[in-house]
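A short write-up of the structure that comes next.
Nothing in this text is a laboratory measurement; each read-out follows from the coordinates by a stated rule. These numbers were taken from a predicted model, which means no experiment stands behind them. All Cβ positions, glycine included, derive from the backbone under ideal geometry; neighbour counts span all protein chains shown.
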Amino acid sequence: MKYSVACLLVLLSMSTLSAQTLEGESVIGINAGFSMASALFSLSEIDANVDATTPPAIQATYDYALTNRVSLGGGISYQNFKLAYSNYGEAKESFDVRLSRFNVGLRGLFHYGNSEKMDMYSGLRVGLSKWSLDVGTDDPSFDPPKTAGIVFAPQAILFGMRSYLSGHLGIGGEIAIGAPHVVSFGLHYRF
């Protein structure tokens, strides 16, 4: 992950990149994000016979610039987690447990330091996450992970940056606290 952050910073500092938030602009983005839930899932050692798989959260965002400094938008995100059990219980059964999170939210961003080179911003996202669980066994002794159903999911976007490779197509990243991600990278299209 350190390598990815370093590559992003190098790309953003290249002199050929330009960006500036202008009133009335719209920006759509497709991002891959790494979440705290994913990190905890990957680091946890549930059992020696359990393999955890946690791909990044996939996210689509839309932002509309109300002014040169303030934009309002939204985002949707999906992430799944898989626990592959092998040789479980007395029957030595193998099965999967799939946990997924769908998040939808509204986000307000404050853009600062706008220049011809890059658009930097911070903001707040307020949304809901719906957790779902699919257990691949009927074994009554299996105690599946607990899910909370629909939960409030606030996120503080501490720092975001977008830079454009052309007049419309750009790259960017965010560092945040909360759901659906703590770090994300992606492509953006401005119109």
> Name the GluC sites (Glu not before Pro) in the stretch 61-154 that are in a loop by DSSP and that have at most 11 other C-beta atoms within 10 Å, would you?
Replying inline: GLU90, GLU116
> Can you list the trypsin sites (Lys or Arg not before Pro) in the stretch 110-153 that are in a DSSP coil and have 16 or fewer other beta carbons within 10 angstrom?
Replying inline: LYS146
> What Kirkwood radius, in Å to one decimal, follows from the Cα pairs of the stretch 38-191?
Replying inline: 17.5 Å
>> If you average the alpha carbon positions of the stretch 67-113 and of the stretch 123-176, how far apart do those two centres end up, in angstrom?
In response: 4 Å
>> Let's test the formula: R0 of 30 Å, r as the Cβ-Cβ distance of ALA60 and SER141. What FRET efficiency results, to the nearest 0.05?
In response: 0.15
> Using mean Cβ contacts within 10 Å as the protection proxy, how do 151-157, 170-176, 74-80, 135-141 order, highest first?
Replying inline: 170-176, 74-80, 151-157, 135-141
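How many Å³ per residue does the convex hull of the Cα positions in the stretch 25-106 occupy?
Measuring per residue, one finds 82 Å³ for the Cα hull of the stretch 25-106.
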